[in-house]
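**Q** Starting off with a structure, shown below.
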Amino acid sequence: MPESLTLLIAPFVVLNAVIGIVTYVTLLERKFAARMQSRIGPYRVGPHGLLQPIADALKLMMKEDIVPAAADRPVYNLAPIVFLLPCMFIFATIPFAPGLGVADLNIGILFFFAISGMEIVGLFMAGWGSNNKYALLSAMRAVNQVISYDLPFIFAALTPVLLAGSLRLSDIAAAQDGLWFVFYPVIGQLAFIAFVLSTVAAENRAPFDILEAESELVAGFRVEYSGMKFALIQLGEYAHILGSSFLGALLFLGAWSGPGPEWLGPGWFLLKAMFMFLLVTWIRWSFVRIRVDQILALSWKALLPATLLLLLATAVVVVWRANGGA
Amino acid sequence: MTTASPARLEVDYAGSERLTMNMGPQHPSAHGVFRAVLTLEGETVVGVDAVIGYLHRCHEKLAETLTYAQYPSIASKTDYVAAMTSEFAYVRAAETIGKIEVPKRAQYLRVMAAELQRVASHLLWLGTWCMDMGGALGGGATIFLYCIRERELILDLFESLVGARLLYGFYQVGGVRYDLPAGWTATCRETVDLIDRRIGEYESMLDDNPFFMARCQGVGVISRELAEDVGISGPLLRGSGVAWDLRRADPYSSYEDFQFLVPVESSGDCFARYGVRMVEFRESLKIVRQVLDGLPEGPVSSRPGLKSVAQTRIPKGEAYARIEGPRGEVGCYLTADGSAKPYRMKWRGASFSNLSVLPHIIPGHKVADVVAIMGSVDPVFGEVDR
Amino acid sequence: MAAPEVQTVADVRALRDARRTEGTEVSVIVRAVLGAMRMTLRNLFRKPVTVHYPDKTRVYPDRYRGLLALVYEKDTGEEACIGCRLCEYVCPPAVIKVEMLKTEKRNYAKTFTLELYACEFCELCVQVCPTDAIVMMKSFDLATADRRELLLDKDRLHAIGLQHERSWATGNRLRDMQGPPKQARTVAEHTPGAAPAAKESSEA
């Protein structure tokens, strides 16, 4: 198959797959959360609610697009797109099987970090363009929070990078052939916990979702969005969570390695990513949220020093092992 | 320099411009219709103006037009979350004026209903408070649904006893209106045991939970002096170190026959009040078990069944009867004039007096704490506005 | 009033500390966080409490206060209501309006309207009725799009009485529950189909 055609088909397939999975991941979350709360989730729309995401998508598409009169139009209209694009790009460097990915860059993970940092711009544009006091307040808090937690996120994710010795994501996945990094004594588990915590916080999920606290800032920076723009923002958020879940599965849970034949690899990968996602969801639905100053204190005073130390310790271990340690 | 005016207490805060924010009568952390006009400096609240009256339905005037037989069915609408205790205050006041004796079985049934209602009310409190703090899409909703699931069990008990789930009409002047149906005691015991276990689950979810404690420790501290100055009652008072419970201090309706502890905490913050209410859960369940074990036989009312609307006439007199409701002291002051309708009824709603503490404790906290404090004060606006 | 000798005031903090197991601060935090997550996981595997209404309805208790209805006398098949208007007087929101029709043999209700949209379902009318004519049903299904359908007239009330299952509570049964000592009988005797389990009233 000519190179150019692959270059066109692969992103197309991945993009559609991501959007499809994201819509059904919302249903998975709703059912999972419902079962944890002694109720059933969507049930009536389609058998056991399987058509619910489609109904929601149709509804959002048909909704009236209300733009606030005093909103900054270019900023307001562009914000969902600027927010969504980075959330989609993060899937570019993730290999779904050895050799099966959109672009297996040799700085794969760096690309992930860099691009996922761009969505803060979209977030702030949404808060600013809405011309709404509370949206702006929430956007400022969100920028604060996401930046504070991106650092521990990067450091926690760098631990597997050090252990594997490469920034290329497929190399990291391949290096887990014998032992998944989450099972690496002490360092692996601590890095995993730090990764999960930072993921939860960087994506504004409970218990760190003060910026969407319904009691004061209903829906936060998205409050003025309705219809398809809101759908894009939701899509972006869940795509980001999914992307982080995939990344976590790749960095810590061995990506596509699993019993069975080779072609089952992507299936295992998906399963592990779903496990990560359900872990984040489980945390979300178990805890009350904490205040924004407490969230920031947790990041700067606890998580960042801890992950820095962990990175240092990992480096020491790697060097010690490389020099022929027992 | 602190300026204090009757309606507003402001903390002097050397910040920039002040912002007035309205936590309007409709807000998602709804405890009813309550309007708080907050004055903010940055994120810190410096002043609170509480505006109430959105749920005023003229209960006190209504009581003058309804007879003693009719009003108990309506009394539940004041504190609708703890409907049984609301009716209790009214009938006790009427019985005190008319010197009407209540048979022992009726007294025990009243106690049981009141204590079950206390458990149900605290379950609702816990659920809504966690939901305010945790969000409807998050851990708060989880605890809310667990609490509602348990509350439904108690409401099912009431439903098989009385026929209704929220507005009971269980109490009447002279006793209670319904006797226990067959098999009710067994179901009640099972339910009480189940709820006891589930409360253990809530405690394990919340007691040492760092997120929860970060939200409520040190927040909304009511000092002991303030608690004794301002007219608060109930768990607010007991969370600030004052060991005052009407069931012990001024026992009514055979409460002296039962053994139960009155929980007291000294730190006065939201976490203390949470602890007090969690212990009250267990103590109420203990009382219910004691009632079931020792329920005497006999009539359930010293007055015959309702044959006409003006059947109960209370001679001239006045009395103030108070009971320990889940939110504090619920009182009913009745003036009777010898006819079948009271001349005047004054309702002391526990939440109305409890709200008076808000301007003292909210200033100085962040906006997010306002929600936590409101939840731990646990107002029900049916009682506040009547 | 006799005060029991047991300790009546409890220190909440002491109770909680007695319950808590030992450990460093970090281990306590970790254990609490994991404990909360374990609780939600446990509930994940419990059966949901949802009742799939309207496919399945839950069992209504015997005394359920549902829709109101007028009934016919069991033996003669005639209308039980004698138009005495006691229910009209006792109703707190005054939703019942009755007109009496006098004949030689007995009285009837000429018209009987009940405004269900304002009814509080307090059961006082049921309790006061001398002939057990007005009762409540074990059903509340009367949601309509038109408020006028909730203004029930006599025919409608009789139709509802034939349509649904009746609640246990009728005027005489409710009044019998509350009589002075010599009238009190065990409630079990009134419950249809239940064996009399409670002891007789001790005061005759």
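**Q** Can you tell me the 0 to 90 degree angle between the C-alpha axis of helix B:139-162 and the longest principal axis of chain B, rounded to 10?
**A** Approximately 10 degrees, to the nearest 10.
**Q** Sort out for me the Cα centre separation of region A:1-63 from region B:179-244, rounded to whole Å.
**A** 42
**Q** Among B:Tyr80, B:Ala310, A:Ala92, whose Cα lies farthest out toward the positive end of the dipole of the protein assembly as shown, if unit charges sit on the beta carbon of Lys, Arg (+1) and Asp, Glu (-1)?
**A** Farthest towards the positive end: B:Ala310.
**Q** Can you list the HN-Hα couplings for region C:74-86, worked out from phi with the Karplus curve (6.51, -1.76, 1.60; θ = phi - 60°), rounded to whole Hz and with x for Gly and Pro?
**A** Karplus-based 3J(HN,Hα) across region C:74-86 equals 5, 7, 8, x, 8, 5, 7, 6, 9, x, 6, 6, 5 Hz.
**Q** Scan around B:Arg35 for amide H atoms under 5 Å from its own, H built in the peptide plane at 1.01 Å from N, and keep only partners 5 or more places away or cross-chain.
**A** Sorted by chain and number, the residues that satisfy this are B:Val51.
**Q** For the protein assembly as shown, just say rounded, prolate or oblate: build the C-alpha gyration tensor, square-root its eigenvalues into a ≥ b ≥ c, call rounded for a/c under 1.5, and beyond that prolate if a/b exceeds b/c, oblate if not.
**A** prolate
**Q** Hey, got a sec? Which trypsin sites (Lys or Arg not before Pro) in region C:49-123 land in a DSSP loop and have at most 14 other Cβ atoms within 10 Å? Can you show the working numbers first?
**A** Values: sites: C:Lys56, C:Arg58, C:Arg63, C:Arg65, C:Lys74, C:Arg85, C:Lys97, C:Lys102, C:Lys105, C:Arg106, C:Lys110; in loops: C:Lys56, C:Arg58, C:Arg63, C:Arg65, C:Lys74, C:Arg85, C:Lys105, C:Arg106.
Here the sparse-neighbourhood loop sites are C:Lys56, C:Arg58, C:Lys74, C:Lys105, C:Arg106.
**Q** Quantify how strongly other chains surround peptide B:198-207 by giving the mean number of their Cβ atoms within 10 Å of each of its Cβ atoms.
**A** Going residue by residue through B:198-207 and averaging, the value is 4.
**Q** Taking the Cα centre as origin and putting +1 on Lys and Arg beta-carbons and -1 on Asp and Glu beta-carbons, what dipole magnitude results for chain A, to the nearest 20 debye? Kindly include the intermediate steps, with their values, before the conclusion.
**A** Working: 20 positive and 20 negative charges, 143 e Å.
The dipole magnitude comes to about 680 debye.
**Q** Around A:Leu85, under 15 Å between beta carbons, what's the net of Lys plus Arg minus Asp minus Glu among the other residues?
**A** So the surrounding residues net to -1.
**Q** Would you mind calculating the relative contact order of region A:69-322 from Cα pairs under 8 angstrom and at least 6 residues apart, reporting the percent as a whole number? Walk me through the numbers before you get to the answer.
**A** Values: 391 pairs, mean separation 63.6, N = 254.
Taking the mean separation of contacting Cα pairs over the length of region A:69-322, I get 25 percent.
**Q** Would you tell me the mean number of C-beta atoms belonging to other protein chains that fall within 10 Å of each C-beta in B:179-191, as a whole number?
**A** For peptide B:179-191, the averaged partner shielding equals 4.
**Q** Another question, then. Find the cysteines in chain B that fail to meet the 4.7 Å Cβ criterion with every other cysteine, and list them.
**A** Cysteines lacking a close Cβ partner in chain B: B:Cys58, B:Cys130, B:Cys147, B:Cys188, B:Cys332.
**Q** Where the centre of each part is set by its Cα atoms, how far does region A:243-294 sit from region B:352-386, in angstrom?
**A** The distance from the Cα centre of region A:243-294 to that of region B:352-386 comes to 41 Å.
**Q** Counting Lys +1, Arg +1, Asp -1, Glu -1, what net charge surrounds A:Ser245 among other residues with beta carbon under 15 Å of its beta carbon?
**A** Result for the local shell: 0.
**Q** Rank A:Ala157, A:Ala306, A:Ala57 by mean-square fluctuation in a GNM of chain A with C-alpha springs under 10 angstrom and give only the top-ranked residue.
**A** Fluctuation is largest for A:Ala57.
**Q** Would you mind ranking B:Leu19, C:Leu150, A:Leu235 so that the residue whose beta carbon has the fewest other beta carbons within 10 Å leads the list?
**A** B:Leu19, C:Leu150, A:Leu235
**Q** On to the next question. Excluding B:Ser223 itself, calculate the net charge of residues whose Cβ lies under 11 Å from the Cβ of B:Ser223, where each Lys or Arg counts +1 and each Asp or Glu counts -1.
**A** The answer is -3.
**Q** In addition: Considering every residue in A:32-44, what mean count of other chain Cβ atoms within 10 Å of its Cβ is obtained? Provide the component values of the computation, followed by the final result.
**A** Working: counts 1, 7, 4, 7, 14, 13, 12, 6, 4, 2, 0, 3, 1.
Other-chain Cβ atoms within 10 Å of each residue's Cβ, averaged: 6.
**Q** While we're looking at this one, here's another question. Where does each of B:Ser233, B:Ser73 land when they are ranked from fewest to most other beta-carbon atoms within 10 angstrom?
**A** B:Ser233, B:Ser73
**Q** Fewest first, what order do B:Arg313, B:Arg289, B:Arg197 take by the number of other Cβ atoms within 10 Å? Intermediate values should be presented prior to the final figure.
**A** Values: B:Arg313 14, B:Arg289 18, B:Arg197 9.
Listed from fewest to most nearby Cβ atoms, that is B:Arg197, B:Arg313, B:Arg289.
**Q** Still on this model: As I understand it, the dipole of the protein assembly as shown uses +1 on the Cβ of Lys and Arg and -1 on the Cβ of Asp and Glu, about the Cα centre. Which of A:Pro80, A:Gln145, B:Val300 lies farthest toward its positive end?
**A** With unit charges placed on the Cβ atoms, the residue in question is B:Val300.
**Q** Nearest 10 degrees is fine. How inclined is helix B:104-134 to the longest principal axis of chain B, computing both from alpha carbons?
**A** Here the helix axis deviates by roughly 20 degrees.
**Q** A follow-up question, please. Please list, by residue number, every one of the GluC sites (Glu not before Pro) in region C:96-182 that is coil in DSSP and has at most 11 other beta-carbon atoms within 10 Å.
**A** Hits after loop and neighbour filter: C:Glu104, C:Glu165.
**Q** Between A:Ala297 and A:Leu78, how many nm apart are label points set 7 Å from Cα along the C-beta direction?
**A** Distance between label points: 3.9 nm.
**Q** Taking chain B as the reference, fit the longest principal axis to its C-alpha atoms, fit the long axis of helix B:83-98 to the helix C-alpha atoms, and give the angle between the two in degrees, 0 to 90, nearest 10.
**A** It works out to around 50 degrees.
**Q** How many angstrom lie between the Cα centre of region B:101-116 and the Cα centre of region B:316-350?
**A** 19
**Q** Within chain A, which whole H helices from DSSP have a Cα span along their axis of at least 30 Å and a mean Kyte-Doolittle hydropathy of 1.0 or more, if any?
**A** A:3-36, A:108-129, A:133-164, A:228-252
**Q** Normalising by the residue count of chain B, find the relative contact order in percent from Cα pairs under 8 Å and 6+ residues apart.
**A** Once divided by the residue count of chain B, the mean separation gives 27 percent.
**Q** Next up: When ranked by the protection proxy of mean other Cβ atoms within 10 Å per residue, highest first, what sequence do the peptides A:105-114, B:183-192 form?
**A** A:105-114, B:183-192
Only the coordinates and a few stated rules stand behind these numbers; no lab work does. It should be emphasised that the depicted structure is a prediction, and the values quoted were computed from it without experimental measurement. Note that we place each Cβ from the backbone using ideal geometry, even for glycine, and neighbour counts take in every protein chain shown.
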